[in-house]
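A short worksheet on the structure shown next.
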Amino acid sequence: MNAQFIEGRRRTVALSQSELTRLLQSLHSTEGLELVRSVAERMLQELIEAEAAAKIVVGSTLDDATVKGAVAAAEAITSPASDARGPAEYRTKMAGVMVARALARAKSRARA
């Protein structure tokens, strides 16, 4: 992959036609199909776990115990990679912090 550029806050990867053809050919192989199957299974499991985590807060009063449970669930389903911006443990904790902040904002907006 030869061209990467930032679009907003997301990284977009541009593939040339030959690179795209090579990628598609590799996906047609047995290894490629196994990779796609593995990724799809992982994504499905993540969605199931995220839905279970969401059920913790739906219909609740967002009390401290509920928020702590949602934060713990979010951290449990987060599996980031370590990179230059931080180790996986830090990024997992930050997922919990973001969930807590989002729930606090939701609670304050619901009162308004």
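The values are calculated or read from the model by the stated rules, or taken from the named source; none is laboratory data. Bear in mind the structure is a predicted one, so any value in this text is a computation, not a measurement. Please note: Cβ atoms are built from the backbone with ideal geometry, for glycine as well, and neighbour counts cover all protein chains shown.
Data overview
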item: Residue within segment 74-96 that is part of a strand (DSSP E or B) and more than 19 Å from ARG42 (Cα to Cα) present; result: yes
item: Residue among SER79, SER38, SER108, SER60 that alone is under 30 Å from SER26 (Cα atoms) and either at pLDDT 80 or above or surrounded by 13 or more Cβ atoms within 10 Å (Cβ to Cβ) (or both); result: SER79
